[in-house]
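Visitor: The structure follows.
The values are calculated or read from the model by the stated rules, or taken from the named source; none is laboratory data. These numbers were taken from a predicted model, which means no experiment stands behind them. For neighbour counting, all protein chains shown are included, and Cβ atoms are generated from backbone atoms with ideal geometry for every residue, glycine included.
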Ligand SMILES: CCCCCCCCC/C=C/C(=O)SCCNC(=O)CCNC(=O)[C@H](O)C(C)(C)COP(=O)(O)OP(=O)(O)OC[C@H]1O[C@@H](n2cnc3c(N)ncnc32)[C@H](O)[C@@H]1OP(=O)(O)O
């Protein structure tokens, strides 16, 4: 589906057509043409595609903190869809163009004082982002070059491989409990698939944000590298993953992730309704407002 039609569909329903995420043709190695770079950009996501390598870099550029607003999520899904349908692209590196922040997670203002319709549209966009990324046929590498709480951590967890800048000031984790909210089951499933049940259980209950070294120790990220080497290392890892035949890697990925993906697909509307009734509670709204105030006070 072309990007404008896709955008219209998302604007109307808040959802990308599901068929788009499943049963794609296997991607082929790029043709041996001269090296070519292409870039496309919308307001919040910049994409550069190196056709000779078959690798795109997707940079989040939504200052101050790359929060995952409805606009960001829509642009993210459209960009990913474009790459998914581009036979010249076999892998994507996700990183941030905002210094010190990978992503601050879901935009809290989208979950405060809005209508039921807005919550439904927002939550469908969050689901869509995860469904598309977790089921992507491309190799996905997160180059985590800054802090990455909650939804930001989810993006990294959803990739095939995570490399983080070894800056002890950067933290990552599913800290929802600290906000007085709960990570939904598919955030939890994705986390468990990366770090195992025991680590996920305590980390989720405590809403822990792990420093980069600790995140590496518990397996939340696969590697730490000095910040200036992050890009090169992500490129090297990508080459290593792309050296394998696509079909074998893709089928293996599907086998590993299918049960978790199917669970959300089967309960998608129920999950939207759960989100709406949870987030609409006055006590939850109060917790979120207090958290936002705390963020502002921290500044002054
Ligand atoms: C049953 C179950 C059903 C389901 C139940 C519901 C499930 C919901 C799941 C939720 C998932 C989430 O991702 S919830 C989101 C969790 N995210 C977080 O906790 C991150 C909070 N932010 C931070 O910790 C920090 O901002 C951090 C990212 C480290 C950057 O620190 P800095 O000092 O560089 O910047 P700050 O000064 O703090 O922030 C700059 C500005 O950005 C704003 N800002 C920061 N993070 C923001 C955010 N996520 N959304 C909106 N705005 C944000 C701040 O308020 C400031 O606004 P101004 O003062 O106006 O400039």
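Visitor: Restricting to region 36-69, name every residue that is within 13 Å of the ligand (Cβ to nearest atom) and crowded, with 19+ Cβ neighbours inside 10 Å.
Guide: Within region 36-69, 60, 62, 65, 66, 67, 68 meet the criteria.
Visitor: Here's something else I'd like to know. Looking at region 161-188 only, could you name the residues that are more than 13 Å from the ligand (Cβ to nearest atom) and closer than 24 Å to residue 262 by Cα?
Guide: 161, 162, listed by residue number.
Visitor: Separate question: Residue by residue through region 104-143, note down the ones that are within 8 Å of the ligand (Cβ to nearest atom) and outside any helix (DSSP H, G or I).
Guide: Of everything in region 104-143, those that are within 8 Å of the ligand (Cβ to nearest atom) and outside any helix (DSSP H, G or I) turn out to be 104, 105, 106, 107.
Visitor: List the helices (runs of 4 or more DSSP H) that sit entirely inside region 221-300 and contain at least 3 residues that are free of Cβ contacts under 8 Å to residues at least 12 places away in the same chain and within 16 Å of the ligand (Cβ to nearest atom).
Guide: Passing ranges, in order: 268-279, 282-299.
Visitor: Determine which member of the set 160, 189, 222, 232 is more than 20 Å from the chain's Cα centre (by Cα), farther than 27 Å from residue 292 by Cβ and at pLDDT 95 or above. Steps first, please.
Guide: Details: 160 fails: more than 20 Å from the chain's Cα centre (by Cα); 189 fails: more than 20 Å from the chain's Cα centre (by Cα); 222 fails: more than 20 Å from the chain's Cα centre (by Cα).
After ruling out the rest, the residue left standing is 232.
Visitor: Now a separate question. Can you name the number of the only condition in (1) over 18 Å from residue 223 (Cβ atoms); (2) more than 16 Å from the chain's Cα centre (by Cα) that residue 170 fails?
Guide: Failed condition: (1).
Visitor: With respect to the numbered conditions (1) within 16 Å of residue 210 (Cβ to Cβ); (2) touching a strand residue (DSSP E or B) at 6+ places or on another chain (Cβ under 7 Å), which one is the sole condition not fulfilled by residue 157?
Guide: For residue 157, the failing item is (2).
Visitor: What tally of residues in region 68-93 results from selecting those that are in contact with a helix residue (DSSP H, G or I) (Cβ under 8 Å, 6 or more places away or on another chain), without any contact (Cβ under 8 Å) to a residue 60 or more places away in the chain and part of a loop (DSSP other than H, G, I, E, B)?
Guide: Count: 1.
Visitor: Another question about this same structure. Is it the case, given these coordinates, that residue 146 is surrounded by 23 or more Cβ atoms within 10 Å (Cβ to Cβ), within 13 Å of the ligand (Cβ to nearest atom) and under 12 Å from the mean Cα position of the chain (by Cα)? Spell out the reasoning first.
Guide: Numbers: surrounded by 23 or more Cβ atoms within 10 Å (Cβ to Cβ): yes; within 13 Å of the ligand (Cβ to nearest atom): yes; under 12 Å from the mean Cα position of the chain (by Cα): no.
Spelling it out, it is not the case that residue 146 is surrounded by 23 or more Cβ atoms within 10 Å (Cβ to Cβ), within 13 Å of the ligand (Cβ to nearest atom) and under 12 Å from the mean Cα position of the chain (by Cα).
Visitor: If I ask for residues that are away from the ligand (no atom under 14 Å from the Cβ), touching a residue at least 12 places away in the same chain (Cβ under 8 Å), assigned to a helix (DSSP H, G or I) and farther than 17 Å from residue 176 by Cβ, which ones from region 202-219 would you list?
Guide: 213, 216
Visitor: Conditions first: (1) out of contact with any strand residue (DSSP E or B) (no Cβ under 9 Å at 6 or more places or on another chain); (2) surrounded by fewer than 13 Cβ atoms within 10 Å (Cβ to Cβ). Residue 264 passes all but one, so which condition is the exception?
Guide: Looking at each condition in turn, residue 264 falls short on (2).
Visitor: Assess whether residue 47 counts as being under 29 Å from residue 259 (Cβ atoms), in contact with a helix residue (DSSP H, G or I) (Cβ under 7 Å, 6 or more places away or on another chain) and assigned to a strand (DSSP E or B).
Guide: On the way: under 29 Å from residue 259 (Cβ atoms): no; in contact with a helix residue (DSSP H, G or I) (Cβ under 7 Å, 6 or more places away or on another chain): yes; assigned to a strand (DSSP E or B): yes.
Considered against the rule, which asks whether it is under 29 Å from residue 259 (Cβ atoms), in contact with a helix residue (DSSP H, G or I) (Cβ under 7 Å, 6 or more places away or on another chain) and assigned to a strand (DSSP E or B), residue 47 comes out as no.
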